[in-house]
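Take a look at the structure below.
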Amino acid sequence: MFLYTENFDDQKKKAMEGLRKALEEDKVDHDIIPLLEKINALQNYFTTSSCSGRISVMEMPHFGDKVNSVWLGKWHREVTVEEVFEAVGKHRSGQLWFLVRSPILHVGARTLEDAVKLLNLAIGLGFKYSNIKSVSHKKLVVEIRSTERMDVPLGENGELWVDEAYIKKIVNLANAQVRRFKGKLKRLEAEIEELSEV
């Protein structure tokens, strides 16, 4: 059976309206916009959500409670040690975490063949955790994800468990991961047009 998305063009139109609004409200990571534009220019694809990857410092009441967590610092780029120290200095209660998350994009595809093409391209460029997230006649969604990730506990209830030298080391590691996944995004941006219809 040749699987395809019903009402694909209507779905794409709605997604583009949502993206336009998000751009107007400055809710889209700036460095990923050229990639989104290239994907959305393709006839058989459209983006539904995206993040260009980030480093963050987060305060959680307890591990896994994202709903009540507070961002003390969040950056979609490399960070300085000073920025991280400033964020850490805001910590008062709960658990303190230093986190790295790789880029993630959700892309609607017209047909299963289109979805597989995009998935193979992404995996080939190093987005090893990519998958087809939804497969049905109503929706075909490819999730593009990379492997870079850090979850480092730094302290609890205002007490730091680590010293400054340790924080400097993890910031250097985090920045190396950011350089790596930003490079993958640039390569995807350069090669995405290969999916254009011949």
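The values are calculated or read from the model by the stated rules, or taken from the named source; none is laboratory data. All of these numbers come straight from a predicted model, not from anything done at the bench. Don't worry about glycine lacking a Cβ; one is built from the backbone with ideal geometry, like all the others, and counts go over all protein chains shown.
Go through ILE123, ILE132 for me and flag whichever is part of a strand (DSSP E or B), free of Cβ contacts under 8 Å to residues at least 40 places away in the same chain and either at positive phi or not aromatic (Phe, Trp, Tyr) (or both).
Being part of a strand (DSSP E or B), free of Cβ contacts under 8 Å to residues at least 40 places away in the same chain and either at positive phi or not aromatic (Phe, Trp, Tyr) (or both) holds for just one of ILE123, ILE132, which is ILE132.
So, LEU99, is that one in contact with a strand residue (DSSP E or B) (Cβ under 6 Å, 6 or more places away or on another chain), in contact (Cβ under 8 Å) with a residue 12 or more places away in the chain, over 27 Å from ILE192 (Cβ atoms) and surrounded by fewer than 21 Cβ atoms within 10 Å (Cβ to Cβ) or not?
yes
Condition test on LYS38, is it out of contact with any Lys or Arg (no Cβ under 7 Å at 6 or more places or on another chain), over 18 Å from ARG187 (Cβ atoms), surrounded by fewer than 21 Cβ atoms within 10 Å (Cβ to Cβ) and of a type in the set (Lys, Arg)?
No, not satisfied.
Is one or more of the residues making up region 80-93 crowded, with 18+ Cβ neighbours inside 10 Å and either in contact with a Lys or Arg (Cβ under 6 Å, 6 or more places away or on another chain) or more than 28 Å from LEU154 (Cα to Cα) (or both)?
Checked against the condition, which is being crowded, with 18+ Cβ neighbours inside 10 Å and either in contact with a Lys or Arg (Cβ under 6 Å, 6 or more places away or on another chain) or more than 28 Å from LEU154 (Cα to Cα) (or both), region 80-93 yields no hits at all.
Filter region 75-107 for residues that are part of a strand (DSSP E or B) and more than 21 Å from the chain's Cα centre (by Cα) and give the result.
GLN95, LEU96
Give me the residue from region 19-33 that is in a helix (DSSP H, G or I) and surrounded by fewer than 13 Cβ atoms within 10 Å (Cβ to Cβ) and, out of that set, nearest to the chain's Cα centre (by Cα).
Among those residues, the one meeting the criterion is HIS30.
For LYS12, work out the one condition from (1) under 26 Å from ASN175 (Cα atoms); (2) buried (at least 20 other Cβ atoms within 10 Å of the Cβ) it doesn't fulfil.
It fails just one condition, (1).
So which pairs qualify, if the first residue must be in region 173-195 and over 17 Å from ALA41 (Cβ atoms), the second must be modelled with pLDDT of 95 or more and of a type in the set (Phe, Trp, Tyr), the Cβ gap must be under 7 Å, and the two must be at least 6 apart or on different chains?
Hits for this filter: LYS184/PHE127.
Scan LEU112, LEU72, LEU140 and give me the residue that is aliphatic (A, V, I, L, M), more than 22 Å from ILE170 (Cα to Cα) and surrounded by 18 or more Cβ atoms within 10 Å (Cβ to Cβ).
Within the list LEU112, LEU72, LEU140, the selection yields LEU140.
Looking only at region 43-74, count every residue that is part of a strand (DSSP E or B), aromatic (Phe, Trp, Tyr) and out of contact with any Lys or Arg (no Cβ under 7 Å at 6 or more places or on another chain) and tell me the total.
Residues that pass the stated criteria total 2.
State all residues of region 98-117 that are among the acidic types (Asp, Glu) and closer than 13 Å to VAL141 by Cβ; if no residue qualifies, say none.
ASP114
Sort out which residues of region 147-165 are surrounded by 13 or more Cβ atoms within 10 Å (Cβ to Cβ), part of a loop (DSSP other than H, G, I, E, B) and touching a strand residue (DSSP E or B) at 6+ places or on another chain (Cβ under 7 Å), and write them in order of number.
Those that are surrounded by 13 or more Cβ atoms within 10 Å (Cβ to Cβ), part of a loop (DSSP other than H, G, I, E, B) and touching a strand residue (DSSP E or B) at 6+ places or on another chain (Cβ under 7 Å): GLU148, VAL162.
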